[in-house]
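Q: Input: one structure, supplied below.
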Amino acid sequence: MRVHRNRHDRAFTIVPNAAARHDRLSLAAVGLLVRLLSLPDGTPVSIERITEQVDEGRTAVSRAFRQLEAAGYLRRQRTQDPETGLWSTQSHVSDLPMTHNPAVGEPGPRSVGDLPGGEKHQGKNLLPAVEPEPEAPEKPEEASTTDDQAAPAAAETGRAASLLARLGEHDRRLTLGTADVLRLAPLAAEWLVDGHTPTKVLSVLTTRLPEQVDAPAALISYRLTHHRPAKPAPKAAPAPDTRARCQQCDVPFPAGVVHSLCKTCALEIGREKAGPDDAAGLLATIRQRRATGRFAKGARPGSRFLPTAA
């Protein structure tokens, strides 16, 4: 037999040869141990849950659990909540046999095994106490500058977290947990502060994915850090409006048309200065000129603006 081993930099599990070649463990128990060691810390594990994920039946899985527990690789600890009185089971799995099983109850400072070398080495294993650093004098000007720069990022963090939480809707392989969303939200917020739209962020994070995504949080973190596009150029300011406007109601005229009053304002002013008969005559004159095409220079038939020439 020739063994071909590949170098892995992520998504792999190390199993000691003593566990992989254990004489008193069945192949099902060894496979169960490898599967349990590959799960993230805090994953809920039970016989029913494992049975749903593998082809073996519940009896075989239960037997494998008992073998691991007898060999010391698995320890199940039952505790009772003092407030509710409910009992819960916490499973502990190790790649080495846990020869010392503490009694059922609250875990001590070291949950598995005794202290190395006895109690005399206990002080050496503890980290030194961290002394508080002296407070630096406040600098109002620098602090205000930092706050001004951090304010936009803080305002966009909520939008970035909502965007990352919806990645699973675009691709189920990119589904992130709450802890990963909160951890990666500041990175995505920097994109939004630079002026990139949420559509641009989604496009970078969800396109050209590998065939197999083992660690979606690591993939999203890498792309947010290393695939960040250049900052978009600011949009040009709109050109000023140079069109002429009505002196009465400030309504703009079409480009190239210059009048002092629009037709509506001219009629209103004409009605105030003249009687009803004069206003009716002015309106009749406008209709006649519109029908015959006699309009002022720059006007056109059907225009809503009043011509200047009689």
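Q: Pairs, please: C-beta under 6 Å, at least 6 apart or cross-chain, first residue at negative phi and in segment 44-67, second outside any helix (DSSP H, G or I)?
A: Val45/Ser91; Gln67/Leu25
Q: Give the residue that is farthest from Arg172 (Cα to Cα), with candidates limited to residues of segment 195-227 that are without any contact (Cβ under 8 Å) to a residue 40 or more places away in the chain, open to solvent by less than 90 Å² (accessible area, probe 1.4 Å) and outside any helix (DSSP H, G or I).
A: Residue satisfying both the conditions and the ranking: Gly195.
The rows are residues; the columns are (1) of a type in the set (S, T, N, Q); (2) open to solvent by 30 Å² or more (accessible area, probe 1.4 Å); (3) within 41 Å of the chain's Cα centre (by Cα).
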{"residue": "Leu187", "(1), (2), (3)": "no, yes, yes"}
{"residue": "Pro234", "(1), (2), (3)": "no, yes, yes"}
{"residue": "Ala239", "(1), (2), (3)": "no, yes, yes"}
{"residue": "Gln248", "(1), (2), (3)": "yes, yes, no"}
{"residue": "His259", "(1), (2), (3)": "no, no, no"}
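Q: Please list, ordered by first then second residue, the pairs with beta carbon atoms under 6 Å, 6 or more apart or interchain, first in segment 82-105 and assigned to a loop (DSSP other than H, G, I, E, B) and modelled with pLDDT under 85, second open to solvent by less than 80 Å² (accessible area, probe 1.4 Å) and of a type in the set (D, E, K, R).
A: Met98/Arg75; Asn101/Arg75
Q: Conditions: (1) in contact (Cβ under 8 Å) with a residue 40 or more places away in the chain; (2) over 30 Å from Gly42 (Cα atoms); (3) among the aliphatic types (A, V, I, L, M). Leu192 meets all but one. Number of the miss?
A: Evaluating Leu192 over (1) in contact (Cβ under 8 Å) with a residue 40 or more places away in the chain; (2) over 30 Å from Gly42 (Cα atoms); (3) among the aliphatic types (A, V, I, L, M) leaves (1) as the failure.
Q: Given the conditions (1) surrounded by 12 or more Cβ atoms within 10 Å (Cβ to Cβ); (2) closer than 28 Å to Gly177 by Cβ; (3) touching a residue at least 24 places away in the same chain (Cβ under 8 Å), report the number of the one that Arg78 does not fulfil.
A: Among (1) surrounded by 12 or more Cβ atoms within 10 Å (Cβ to Cβ); (2) closer than 28 Å to Gly177 by Cβ; (3) touching a residue at least 24 places away in the same chain (Cβ under 8 Å), Arg78 violates only (1).
Q: One residue is enough: does segment 145-157 have a residue meeting the conditions assigned to a helix (DSSP H, G or I), of a type in the set (Gly, Ala, Ser) and either modelled with pLDDT of 85 or more or over 30 Å from Ala217 (Cβ atoms) (or both)?
A: no
Q: Can you give me the number of residues within segment 261-278 that are modelled with pLDDT of 80 or more and open to solvent by 90 Å² or more (accessible area, probe 1.4 Å)?
A: Of the residues in segment 261-278, 0 are modelled with pLDDT of 80 or more and open to solvent by 90 Å² or more (accessible area, probe 1.4 Å).
The values are calculated or read from the model by the stated rules, or taken from the named source; none is laboratory data. Note that the structure is predicted; figures quoted are calculated from it, not measured. Neighbour counts run over all protein chains shown; Cβ positions are idealised from the backbone, glycine included. Protein only, heavy atoms only, side chains kept; ligands, DNA and RNA dropped before computing areas. Shrake-Rupley method; radii C 1.70, N 1.55, O 1.52, S 1.80 Å.
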